[in-house]
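Each value in this text was obtained by applying a stated rule to the coordinates, not by laboratory testing. Not measured: the values here are computed from a predicted model. Because the Cβ atoms are built from the backbone with ideal geometry, glycine has one as well, and the counts that use them run over all protein chains shown.
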Amino acid sequence: MHMHITGIAYGPKGEKNHLNLKESDLKYEELAKALKDFKVKGVAISESPNIESDALLMQRVYNKL
Amino acid sequence: MKELVFGTAGVPLSAEPRTTIDGIKHARNLGLGAMELEFVRSINITKEKAPEVRKTADDNNIILTCHAPYFINLNSLEKEKIKASIQRILNSARIANLCGCYSVCFHAGFYMKQEPKSVYATIKDNLKEIVSALKKENNNIWIRPETTGKETQFGNMDEILQLSQELDNVMPCVDFAHFHARTNGKYNTYKEFASIFEVIEKKLGKRGLEICTCTLLELHTGQKGRKTI
């Protein structure tokens with residue numbers, strides 16, 4: 001699969017802007033667990049403003065599971 | 001080879017200098033496994049440069065993906081804009097393929113206040129043209145319309161899955177934040193994330209959740225002749 005992961009600010013009309021995961025309400029640890037349980041393969045790309053920090057954060061969380 | 005690799009949208013911020021080549025090497029130094037080429041404002045790699053990008057990614061064991069320009073609307077009311085959108089996706093796919101990218105993603109278009117069913121038909125026809133043009137060029141890169149973050153944007157899960165079922169070489173690009181934003185805060189629990197994977201598996205089979213391993217083999221051994229699993 002090809003996926004994008006980022007925190008996000010949103011309103012009634014949907015997406016406003018991207019946020020770093022830790023500054024957002026996205027439950028990325030639960031996402032990591034679902035990725036692991038479903039044995040999802042492929043590429044997960046971080047689109048957070050801090051780009052590589054959240055890519056490394058997700059990788060760390062995922063690899064610890 | 002890890003089964004799921006993580007990477008950056010574009011050149012990492014801490015790469016020095018911030019070029020594609022240095023970005024790929026830096027992604028490896030950081031311990032990441034992928035990098036997306038961001039053609040979002042323009043296709044900023046030439047076909048002459050592409051082999052070097054490919055070799056650098058191979059040497060550093062980095063999987064590349066590509067994001068085509070933002071200025072795409074396969075449902076524009078103006079024919080010229082549709083034509084230009086098709087060209088932008090085709091040109092992205094061509095350069096991405098030369099760079100050894102695994103897939104190319106993009107936001108397919110806007111509803112333009114039209115009936116979603118007719119929008120689907122228009123976007124499908126235009127994607128079909130893209131897929132068959134690439135097929136003629138022996139370019140088998142995955143074409144990945146993305147799940148979108150706004151109600152005005154074409155690309156809910158059902159639409160993207162249906163396109164993936166009906167067109168060769170089309171598979172979803174899943175954006176979890178877009179799911180979350182589009183539904184004003186839903187898709188944020190284990191159960192809801194799991195439901196995304198369940199519907200993908202139901203509609204596209206197990207392969208919907210997997211990478212084409214043959215593509216990886218090709219990327220990392222330089223062998224040609226990808227087979228779709």
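Odds and ends about this structure:
- Ellipsoid semi-axes in whole angstrom, largest first, where each is sqrt(5λ) of the Cα gyration tensor of chain A: 20, 13, 11
- Note on the protein assembly as shown: antiparallel DSSP beta bridges, both residues inside, total approximately 20 percent of the bridges counted.
- Across chain B, the relative contact order, built from alpha-carbon pairs under 8 Å that are at least six residues apart, equals 14 percent.
- Sorting A:42-50, B:59-67 by average packing, meaning the other beta carbons within 10 Å per residue, from highest down gives A:42-50, B:59-67.
- Among B:D175, B:D125, the ranking by other beta carbons within 10 Å of each residue's beta carbon, starting with the fewest, stands as B:D125, B:D175.
- Check: the stretch B:112-165 dipole with +1 on Lys, Arg Cβ and -1 on Asp, Glu Cβ, in debye: 120 debye
- The mean number of Cβ atoms from other chains found within 10 Å of a Cβ in peptide A:8-14 is 6, as a whole number.
- Centroid-to-centroid, using Cα positions, the stretch B:1-41 and the stretch B:111-145 are 28 Å apart.
- Summing charges over neighbours of B:K117, with a neighbour being any other residue whose Cβ is under 12 Å away from its Cβ, gives -2 when K and R count +1 and D and E count -1.
- Using the alpha-carbon positions of the protein assembly as shown, Rg (one decimal) and Dmax (whole number) come out as 17.6, 50 Å.
- Cβ-based exposure ranking for B:T8, B:T183, B:T46, B:T148, in which fewest neighbours within 10 Å come first: B:T46, B:T183, B:T148, B:T8
- Local electrostatic count, B:T8, Cβ distance below 13 Å [Lys/Arg +1, Asp/Glu -1]: -3
- Summarising the strand pairing of chain B, around 5 percent of its internal DSSP beta bridges are antiparallel.
- Averaged over B:102-115, number of beta-carbon atoms from partner chains that fall within 10 Å: 1
- Among the listed pairs A:K39/B:K206; B:K55/B:K136; A:K33/B:K202; B:K81/B:K124, those beyond 18 Å (Cα-Cα): B:K55/B:K136; A:K33/B:K202
- Local electrostatic count at A:V61 - Lys and Arg +1, Asp and Glu -1, tallied over other residues with Cβ under 12 Å: +3
- As a proxy for reagent exposure, A:E52, B:E146 were ordered by neighbouring Cβ count within 10 angstrom, fewest first; the result is B:E146, A:E52.
- Inter-chain shielding of A:24-37 (mean C-beta neighbours from other protein chains, 10 Å cut-off): 5
- Between B:K49 and B:E3, the modelled labels are 3.7 nm apart [label points 7 Å from Cα along Cα→Cβ].
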